[in-house]
1. With the checklist (1) polar (S, T, N, Q); (2) loosely packed, with under 14 Cβ neighbours inside 10 Å; (3) touching a His at 6+ places or on another chain (Cβ under 7 Å) in hand, flag the one item Gln102 doesn't pass.
2. Within the group Asp243, Asp232, which residue is under 20 Å from Arg149 (Cα atoms), in contact (Cβ under 8 Å) with a residue 12 or more places away in the chain, assigned by TED's automatic domain parsing to the domain that holds Ser44 and among the charged types (D, E, K, R)?
3. Tell me, yes or no, whether the stretch 213-230 has at least one residue that is within 27 Å of Leu174 (Cβ to Cβ) and either of a type in the set (Gly, Ala, Ser) or within 15 Å of the chain's Cα centre (by Cα) (or both).
4. So which residues in the stretch 1-56 are more than 19 Å from Phe74 (Cβ to Cβ), touching a residue at least 40 places away in the same chain (Cβ under 8 Å) and not in a helix (DSSP H, G or I), if there are any at all?
5. Could you pull out the residue among Ala92, Ala62 that is in contact (Cβ under 8 Å) with a residue 12 or more places away in the chain, hydrophobic (A, V, I, L, M, F, W, C) and surrounded by fewer than 18 Cβ atoms within 10 Å (Cβ to Cβ)?
6. Can you report the number of residues in the stretch 10-24 which are of a type outside the set (A, V, I, L, M, F, W, C) and buried (at least 24 other Cβ atoms within 10 Å of the Cβ)?
7. Is it the case that the stretch 8-27 has a residue that's more than 14 Å from the chain's Cα centre (by Cα) and closer than 21 Å to Val140 by Cβ?
Amino acid sequence: MNTRLAQRHVLVTGAGGGIGLAIAQACAQAGARVSVVDRAAQPSDGVKGLQLLHPGAVQYLAADVTKAEDIEVFVAAAIEQSGPVHTLVNNAAVFEMAPLLQADADSFDRLFAVNVKGMFFVMQAVLRHMVDAATPGASVINLASQAGRRGEALVAHYCATKAAVISYTQSAALAMAPHGIRVNAISPGVVDTPMWAQVDAQFARYEGLALGEKKRQVGLAVPLGRMGTPQDIAGAAVFLASDEARYITAQTLNVDGGNVMS
């Protein structure tokens, strides 16, 4: 364990598995107290394992980020248990795809409810506490995506939600700068998580591919020659949460193996 985030409290949403869990693990390993938020009533096996590795340092909070009443409850509970939040990692998100002419209102509502509405109002709730508490070194890290940097024919709604994350990150950073609170985003590329089985199956359906073929293709297309791992994203999150990034705000960091150049 290192001490980059010692004596800090990090709150991570959508952290039952995948990227969110990897970020929670990396923050705990860096010495932070971690509040893990996910929809399931009980913590996942991954979260339970993290709690065993870091006794007393990791708490689990079940909540739905699309519900205003849940947001207020879990933010208050996290602060009561582990003190003022130093870093919020806004990771909760959902993914769906469909051809543009078939992309319907129900899918639009589901994606925007979690990826945009939930992201914004969790950020707002935590920022209010950060301002009131004058939390030293406070920051927010929103999870965007390379899909927010460009359109994709089969992923119009999702791309739009992640473009909104980037925009809200910039606006919030400017609003919070007078308070000394930094707001940044991470834009992952293609990351090898359990969710990719679902993503690959959808591409197979719409592009007429064999199962596993899309995953193989996107990995080979990355300039560094492979898909990312959740740990690749977690390392960037720990950096942005640490004092090493104290002069970085309003930025969206591409962690994508070179897919997007900026």
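1. Every condition holds for Gln102 apart from (3).
2. Asp232
3. For the stretch 213-230, residues within 27 Å of Leu174 (Cβ to Cβ) and either of a type in the set (Gly, Ala, Ser) or within 15 Å of the chain's Cα centre (by Cα) (or both): absent.
4. Arg4, Leu5, Ala30
5. Criteria check complete, one pass: Ala62.
6. Qualifying residue count, the stretch 10-24: 3.
7. yes
Condition check ((1) out of contact with any strand residue (DSSP E or B) (no Cβ under 6 Å at 6 or more places or on another chain); (2) under 22 Å from Glu72 (Cβ atoms); (3) outside the structural domain of Glu207 (by TED's automatic domain parsing)) across all residues:
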site: Ala92; (1), (2), (3): no, yes, yes
site: Glu96; (1), (2), (3): yes, no, yes
site: Ala105; (1), (2), (3): yes, no, yes
site: Met123; (1), (2), (3): no, yes, yes
site: Arg128; (1), (2), (3): yes, yes, yes
site: Pro136; (1), (2), (3): yes, no, yes
site: Val140; (1), (2), (3): no, yes, yes
site: Leu174; (1), (2), (3): yes, no, yes
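The values are calculated or read from the model by the stated rules, or taken from the named source; none is laboratory data. Values in this document were obtained by computation on a predicted structure and should not be read as measured data. Cβ coordinates were reconstructed from backbone atoms using ideal geometry, including for glycine residues, and neighbour counts include every protein chain displayed.
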